[in-house]
There are 2 protein chains.
Amino acid sequence: MERIGFIGLGLMGKPMARNLLKAGYPLLVYNRSRAPMEELAAEGAGLAESPAAIAQGSDVVITCLPDSPEVEAVVLGEDGVVAGARSGLLFIDHSTIAPATARKLHLALQHKEIEALDAPVSGGDIGAQQGTLSIMVGGSEAAFQRALPMLQVMGQNIVHIGAAGAGQVAKACNQVVVALTVQAVAEALTLAQKSGVDPAKVRSALLGGFAQSRVLDVHGQRMLEGRFDPGFKLHLHRKDMGIVLQTAREVQLPLLGAAQVTELMNALLAQGLGDLDNAAMITLYRQLGGLVDAAGGSDK
Amino acid sequence: MERIGFIGLGLMGKPMARNLLKAGYPLLVYNRSRAPMEELAAEGAGLAESPAAIAQGSDVVITCLPDSPEVEAVVLGEDGVVAGARSGLLFIDHSTIAPATARKLHLALQHKEIEALDAPVSGGDIGAQQGTLSIMVGGSEAAFQRALPMLQVMGQNIVHIGAAGAGQVAKACNQVVVALTVQAVAEALTLAQKSGVDPAKVRSALLGGFAQSRVLDVHGQRMLEGRFDPGFKLHLHRKDMGIVLQTAREVQLPLLGAAQVTELMNALLAQGLGDLDNAAMITLYRQLGGLVDAAGGSDK
């Protein structure tokens, strides 16, 4: 079995690393803070003191980090993956970062004879724990085939989208669709409420027709219950929408809907609601319609 | 069995009336143009010369008309339903009209001791033919129970949403969600294409995660194929969005997303594309991104 080094043991990374460990892979871990490393060490993982040390002791290096700068630093920085890697290493990045950054990393690693896959995931911390993530992969077919047994430990719906960066493009598309569908459901359920009609009945009726979506089902229910524990935090979705709009600008495509919904997320972040689930979008519509005060609190 | 009078034998109404006839209901029909009346007469329906004559010969009057003015004229106008109705008549309107108009008609009919249901449908001409429509119903429980056996002949997902007008509110909510989800899918698939990534692979990957929707499945496929034969025509969806925005103004709720996507529909109508399926929304994004000329035609 390939020896895996895992960097980034956050809400997503830790359960993903744990699943690889449970599947029997020799695992070396590194994280900025110490606690999750020791947690996994108690379950059998080895500890490394830097990304370079991870690369020295592994055949495959996997990262799961918050954003582009962190991934660049971990891969290209001092004591980074490249500093410790041998030719033949496979690098898999599960972070959601800009497609342009992913392509830049692919090229930098190619020069060192390191194969890379951009492999962002969707499905949240529950998907990470249960090993049911969707994984969108960019990179060569050979690298994809080599990675597949490991990806199948962490996810279920695994699609090889295309060449370097294609996984990140697919993830950007995913975030556009989720954001606009959340907005759609927030508008519909608030319209029902303001019209004196039971939003729960409307959700139920709409699930049976062309308005059906997983967001109407899951986020719609969260909106009805006013239950906004994440899930997927608004400030992370806002970060991803920044990637979307930057990418759209680079390819010269005006994404009117994505731009608007990003501004609505900005408003929610300005109100200090960034740690809520993205279903909290409905809070803004309830404010706009005068159903709650601007502090997001009490019903009138 | 109740004697049914059916007014409005268009793309939706004709197959719905036919299904009632096949189920054994005595059926009297009226339509502005003669041809569909004679088609159903050949299958066993009786013909009436006015909405009033329909009402005189029926226990239940069903309408399926394009918009609010047509329904008002057919019900309240000279030789209209009210002119010919006896007390105890049940009136079911399957048209998509403004909730405010539906409530006004309920009241006007109540004064004549006629019970009314607003019962807009979703599911398109294919759903009408196959008897698989979603039907969203507003009105009293007694009227709903009386109508249910007939509704079950025409539809499958039949939900009693609430009091008078509630069915139309649910339909308005439905049209908001469908419109914004179509926009979401159009933005995502164009972003993929402009980024040099196969939109078909992106659609396939996204169907396995939180971006899943019936619109991504059905309309997404239509967008990939550039196949815009309706389906649901853009100019009808635009008409429904007019109802949405009017209703939202009446209840004082700013629907930012619904307003934006309605303007995009206006642009498509201005280009003469109103008879295409609403999936043709992607045509506009392809124009915005410079992938087609403004005439909507050839690829560059």
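The values are calculated or read from the model by the stated rules, or taken from the named source; none is laboratory data. In this text, all values refer to a predicted model and were calculated from it rather than measured experimentally. With ideal geometry, Cβ positions are generated from the backbone for all residues, glycine too; neighbour counts draw on all protein chains shown. Each accessible area value is taken on the protein alone, full model and side chains, heavy atoms only, with ligands, DNA and RNA left out. Shrake-Rupley method; radii C 1.70, N 1.55, O 1.52, S 1.80 Å.
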Pull out all pairs, ordered by first then second residue, where Cβ-Cβ is under 7 Å, the residues are six or more apart or on different chains, the first lies in the range B:215-226 and is in contact (Cβ under 8 Å) with a residue 60 or more places away in the chain, and the second is surrounded by 24 or more Cβ atoms within 10 Å (Cβ to Cβ). B:H219/B:V182; B:H219/B:V185; B:H219/B:A279
In contact (Cβ under 8 Å) with a residue 40 or more places away in the chain, under 28 Å from A:I243 (Cβ atoms) and open to solvent by less than 10 Å² (accessible area, probe 1.4 Å) - does that describe any residue in the range A:19-41? yes
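Taking only the range B:43-65 into account, find how many residues are assigned to a loop (DSSP other than H, G, I, E, B) and not hydrophobic (A, V, I, L, M, F, W, C).
Kept after step one, since they are assigned to a loop (DSSP other than H, G, I, E, B), are these residues of the range B:43-65: B:43-45, B:48-50, B:57-59, B:64-65.
So of that shortlist, the ones also not hydrophobic (A, V, I, L, M, F, W, C) come out as B:43-44, B:49-50, B:57-59.
The total comes to 7.
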Can you tell me which condition B:E70 does not meet? The list is (1) surrounded by fewer than 21 Cβ atoms within 10 Å (Cβ to Cβ); (2) part of a loop (DSSP other than H, G, I, E, B), and all the others hold. (2)
Hey, B:L40 in contact with an Asp or Glu (Cβ under 8 Å, 6 or more places away or on another chain), modelled with pLDDT of 95 or more and in a helix (DSSP H, G or I) or not: no
Quick one: how many residues across the range B:118-162 are closer than 16 Å to B:P99 by Cβ and more than 13 Å from chain A (Cβ to nearest Cβ)? 0
In the range B:86-126, what residues are part of a helix (DSSP H, G or I), in contact with a helix residue (DSSP H, G or I) (Cβ under 9 Å, 6 or more places away or on another chain) and of a type in the set (G, A, S)? B:A100, B:A102, B:A108
Taking the range A:210-230 as the region of interest, how many residues are surrounded by fewer than 24 Cβ atoms within 10 Å (Cβ to Cβ) and within 12 Å of another protein chain (Cβ to nearest Cβ)? 4
Using the structure shown, decide if A:R146 is touching an Asp or Glu at 6+ places or on another chain (Cβ under 9 Å), outside any loop (DSSP other than H, G, I, E, B) and surrounded by fewer than 21 Cβ atoms within 10 Å (Cβ to Cβ). yes
Among the residues in the range A:175-194, are any open to solvent by 20 Å² or more (accessible area, probe 1.4 Å) and more than 7 Å from chain B (Cβ to nearest Cβ)? yes
Can you find even one residue in the range A:141-153 that is touching a strand residue (DSSP E or B) at 6+ places or on another chain (Cβ under 7 Å), outside the structural domain of A:G231 (by TED's automatic domain parsing) and within 24 Å of A:A248 (Cα to Cα)? no
If A:S204 satisfies every condition in (1) facing another protein chain (nearest Cβ under 9 Å); (2) buried (at least 20 other Cβ atoms within 10 Å of the Cβ); (3) in contact with a strand residue (DSSP E or B) (Cβ under 8 Å, 6 or more places away or on another chain) but one, which is the exception? (2)
In the range A:231-249, how many residues are open to solvent by 10 Å² or more (accessible area, probe 1.4 Å) and more than 23 Å from B:G196 (Cβ to Cβ)? 7
Under the condition of being surrounded by fewer than 22 Cβ atoms within 10 Å (Cβ to Cβ) and out of contact with any Ser or Thr (no Cβ under 9 Å at 6 or more places or on another chain), which residue from the range B:265-277 is nearest to the other protein chains (Cβ to nearest Cβ)? B:A267
Restricting the range A:237-249 to residues that are of a type in the set (A, V, I, L, M) and free of Cβ contacts under 8 Å to residues at least 60 places away in the same chain, which is farthest from the other protein chains (Cβ to nearest Cβ)? A:L245
What do you reckon, is B:L268 over 17 Å from A:Q260 (Cβ atoms), within 21 Å of the chain's Cα centre (by Cα), not small (G, A, S) and not assigned by TED's automatic domain parsing to the domain that holds B:A102? yes
So if I check each of A:R86, A:R103, which one is farther than 29 Å from A:L276 by Cβ, within 14 Å of another protein chain (Cβ to nearest Cβ) and of a type in the set (D, E, K, R)? A:R103
I'd like the full set of residues that are buried (at least 24 other Cβ atoms within 10 Å of the Cβ), more than 7 Å from chain A (Cβ to nearest Cβ) and farther than 16 Å from B:H237 by Cβ, limited to the range B:163-174. B:G165, B:G167
So which residues in the range A:141-180 are farther than 13 Å from B:G209 by Cα and of a type in the set (S, T, N, Q), if there are any at all? A:Q145, A:Q152, A:Q168
Selection from the range A:250-259 of residues more than 21 Å from the chain's Cα centre (by Cα), at the interface with another protein chain (Cβ under 7 Å from one of its Cβ atoms) and either within 23 Å of A:M281 (Cα to Cα) or open to solvent by 40 Å² or more (accessible area, probe 1.4 Å) (or both) yields A:Q252, A:P254, A:L256
Residue selected from the range A:82-129 under the condition among the hydroxyl-bearing types (S, T, Y) and open to solvent by less than 30 Å² (accessible area, probe 1.4 Å), by the criterion modelled with the lowest pLDDT: A:S122
